[in-house]
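The structure appears below as structure tokens.
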Amino acid sequence: MRALVQSGFGSPGRVALQEVPQPVPGHDELLVRVQAAGLNAADRFLLRGEPFAARALAGGLRKPRAGFIAGRALAGRVEAVGDAVRDFAPGDEVLAEVTSAIAEFAVVRAGMAARIPVGVTFAEAAALPIAGATALAGVRRVDGGQRFLVTGASGGVGTFAVQLAAAKGAIVTGVCSDRNSALVRKLGAEQIIDYEKTTAGDLGAAGERFDVILDLAGNYPVAALRRILATGGTLLLSVGTGGRWFGPARRMIKALITGGSQVRPLNVRPNPADLSELAAMIATGRIRPAIEDIYRFDEAPAALDRIDRGGFAGKIIVAVAE
């Protein structure tokens, strides 16, 4: 089978489509014919090998393990199941967070797969693992009528967070660039903060306070975000930016030490129940992935280059099968 194999850390020139052995499912696994793969910030971290802590996921500190296949989010059709699998059968359409997603076939633990509802495309389903699940965790604390602010509102996670919070009846403010403001408003934000024109000192100048802040971008100091929290409000810290060794970990640890009970890390674990909830919301029209572009399988290296360069809004998808 063909797969997008990463041979080193650094530029997108370190990945290429290659012939590799087709995986064989274990007794509790599914063999999935991949239809679409969704790209995420994690793919850029693994491509660059920065922060260095991410290299462990690729199996090596100097270079990825041999045959390392890029991609961590897929949607596809079950081809075969292990002898212990009872809940899935060949022909079922599933989505999951995995390793080695950008390939013609992938193995998925049965307990980590979720079914794709009728009316949801493979491209839409592939957008949900990691990005959608992170956004869902970020709006769990949001209630109708509360004021919710999300930085990085036009990104893969942010575009989901805006929609999910708006669907709950929150008053959403999105932080993004002016060029992406129309998209973020369309997704449900009532107000926009242009981070290119708004300094940390300008935040909250009008006296506005927020019940929940989801910091996805890390482009404002934590102290500035704390100043615009309402009494009893919560600041959730997610990936954001950081140093070469540990990424945003240092910033987050410092914030947790000095920020008190209002500051919390956003911990997200792969959960098929979350994916099922999100997919059902797409099927019923409550949310819709903001997909900027879909690349063909033979364009997968270019898709990873697009993730690496940035400057896009929403999600980038690779259509593995025509």
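Readers should treat all values here as calculations from the given coordinates under stated rules, not as data from a laboratory. Everything numeric in this text was worked out from a predicted model, so none of it was measured. Using ideal geometry, Cβ is built from the backbone for each residue, glycine included, and neighbour counts are taken over all protein chains shown.
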I'd like the distance separating the alpha-carbon centroids of region 136-193 and region 61-126, in whole Å. 29
At a Cα cut-off below 17 Å, give the aspartates and glutamates reachable from Lys168, other chains included and same-chain residues fewer than 8 away excluded. Asp143, Glu190, Asp211, Asp274, Glu277
Based on the mean of other beta carbon atoms within 10 Å per residue, what is the order of 84-95, 36-47, 169-180, most packed first? 36-47, 169-180, 84-95
How do the peptides 97-104, 123-130, 109-116 rank, highest first, by the average count of neighbouring beta carbon atoms within 10 Å per residue? 123-130, 97-104, 109-116
Enumerate the calculated ³J(HN,Hα) couplings along region 2-13 in order (Karplus 6.51 cos²θ - 1.76 cosθ + 1.60, θ = phi - 60°), each rounded to whole Hz, writing x wherever the residue is Gly or Pro. 9, 8, 8, 9, 9, 9, x, 9, x, 7, x, x
Can you compute 3J(HN,Hα) from phi for each residue in region 22-29, using the Karplus curve 6.51 cos²θ - 1.76 cosθ + 1.60 with θ = phi - 60°, rounded to whole Hz and x for Gly and Pro? 6, x, 10, x, x, 5, 10, 10
At 4 °C in a medium of viscosity 1.567 mPa s, region 96-242 has a Stokes-Einstein diffusion coefficient, with Rh taken as the Kirkwood radius over alpha carbon pairs, in µm² per second, of 80
Under 8 Å for C-alpha pairs, at least 6 residues apart: give me the relative contact order for the chain, rounded to a whole percent. 21
If you count, for each residue, the other Cβ atoms within 10 Å and average over each peptide, how do 262-269, 132-139 line up from highest to lowest? 132-139, 262-269
Would you work out if region 270-322 is rounded, prolate or oblate? Take a ≥ b ≥ c from the square roots of the eigenvalues of the alpha-carbon gyration tensor; rounded if a/c is under 1.5, else prolate when a/b is larger than b/c, oblate otherwise. prolate
Give the aspartates and glutamates reachable from Lys63 as a straight Cα distance under 19 Å; neighbours fewer than 8 places away on the same chain don't count. Asp43, Glu50, Asp305, Asp308
How big is D, in µm² s⁻¹, for the chain by Stokes-Einstein at 10 °C and 1.306 mPa s if Rh is the Kirkwood radius over C-alpha pairs? 79
Calculate for the chain the 222 nm mean residue ellipticity that helices alone would give, adding -39,500 (n - 2.57) per DSSP H run of length 4 or more and normalising by residue count, nearest 500 deg cm²/dmol. -7000 deg cm²/dmol
Show the residues, 5+ positions off or on another chain, whose built amide H is closer than 5 Å to the amide H of Val98. Ala73, Leu74
Name the residue from Thr173, Pro301, Ala73 whose Cα lies farthest towards the positive end of the charge dipole of the chain, charges +1 on Cβ of Lys and Arg and -1 on Cβ of Asp and Glu. Thr173
